[in-house]
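Visitor: Pasting a structure here, questions to come.
Just so you know, all these numbers are worked out from the coordinates, no wet-lab data involved. Just so it is clear, the model here is predicted, and its values are computed rather than measured. Note that we place each Cβ from the backbone using ideal geometry, even for glycine, and neighbour counts take in every protein chain shown.
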Amino acid sequence: MEVNKVKFESIDEYISHFPVPIQEILSTLRKVIKEAAPDATEKISYQMPTFYLHRNLVHFAAYKNHIGFYPTSSGIAAFSNELSEYKTSKGAVQFPLDKPLPYELITQIVKFRVAENSRKVEEKMEKK
C-alpha cells in the first residue's frame, strides 16, 4: 500500500488505510498506549500516529512485514534486554507481523516514557 503518499490528518484516518487484519493490530496497539498514557493526546507527526504528553511520547506505524514502534532512544535503551529478540535501532523497534505484539512490554515502555516526559517537565520548571 502506498501509505507514504497520503497526508494523514488523524490516527483513525491512518489506520483506515490498511487491510482489516492490520487495522485490528493498530487499533489494539492504540488502545494499549491510551491505557498506559491516559493523559496523552493523539496526533499525526512524521506522518505516523503519535501520542504526545509534554512532548512526543511514542509513535507507531505499519509496514509490509512489521509494526514499527518508536519510544525514543531512551525507551529502547531502558528495555534493551526485553527487546533483544526484536530488531531495534537507536529509537525504534520492529515487531514482526507474524508474531503477536508484546502488549505488556509496550505498556511498560509507554509508562516509562510518561514518567520520563513528566520528570523532564518538572526539572524544567524547577530551573525557572
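Visitor: Figure the gain on full extension for SER10 and TYR63 (residue separation times 0.36 nm, minus the Cα-Cα span) and round it to one decimal in nm. Kindly include the intermediate steps, with their values, before the conclusion.
Guide: Working: separation 53, 0.36 × 53 = 19.08 nm, distance 1.78 nm.
My answer for the length gained is 17.3 nm.
Visitor: Compute, for the chain, the length of the dipole vector about the Cα centre, with Cβ point charges of +1 (Lys, Arg) and -1 (Asp, Glu) only. Units Debye, rounded to 20. Each step should come with its number before you reach the end.
Guide: Details: 18 positive and 16 negative charges, 92 e Å.
Rounded to the nearest 20 debye, it is 440 debye.
Visitor: Here's another thing I want to ask about it. Compute, for segment 68-128, the length of the dipole vector about the Cα centre, with Cβ point charges of +1 (Lys, Arg) and -1 (Asp, Glu) only. Units Debye, rounded to 20. Show your work: numbers first, answer last.
Guide: Values: 10 positive and 8 negative charges, 68 e Å.
Dipole of segment 68-128, to the nearest 20 debye: 320 debye.
Visitor: Which net charge results for the neighbourhood of SER74, defined as the other residues with beta-carbon distances under 15 angstrom from its beta-carbon, given Lys and Arg at +1 and Asp and Glu at -1? Present the calculation step by step, with values, prior to reporting the outcome.
Guide: Numbers: positive: ARG55, LYS90, LYS111, ARG113, ARG119, LYS120; negative: GLU82, GLU116, GLU123.
Residues close to SER74 contribute a combined charge of +3.
Visitor: Taking Cα extents along the principal axes in Å as the quantity of interest, determine which of (i) 50, 27, 24; (ii) 48, 34, 24; (iii) 44, 27, 26 was computed from the displayed structure.
Guide: (ii)
Visitor: What distance in nm separates the two pseudo spin-label positions at GLU82 and ARG119, each 7 Å out from Cα along the beta-carbon direction?
Guide: In this crude spin-label approximation the distance works out to 1.5 nm.
Visitor: Oh, and also: In degrees between 0 and 90, to the nearest 10, how far off the longest principal axis of the chain does helix 103-127 point, with axes built from Cα atoms?
Guide: 40 degrees
Visitor: Taking loop as defined by DSSP and a crowding limit of 13 other beta carbons within 10 Å, which trypsin sites (Lys or Arg not before Pro) in segment 9-105 fit? If you can, show how the numbers build up before the last one.
Guide: Values: sites: ARG30, LYS31, LYS34, LYS43, ARG55, LYS64, LYS87, LYS90; in loops: ARG55, LYS64, LYS90.
Taking segment 9-105 and a limit of 13 other Cβ atoms within 10 Å, the loop trypsin sites (Lys or Arg not before Pro) found are ARG55, LYS64, LYS90.
Visitor: Mind pulling the angle between the C-alpha long axis of helix 20-36 and the longest principal axis of the chain? Nearest 10 degrees, somewhere in 0 to 90.
Guide: Value to nearest ten degrees: 10.
Visitor: Using alpha carbons only, how many angstrom separate the centre of segment 59-92 from the centre of segment 1-52?
Guide: Segment 59-92 and segment 1-52 have Cα centres separated by 16 Å.
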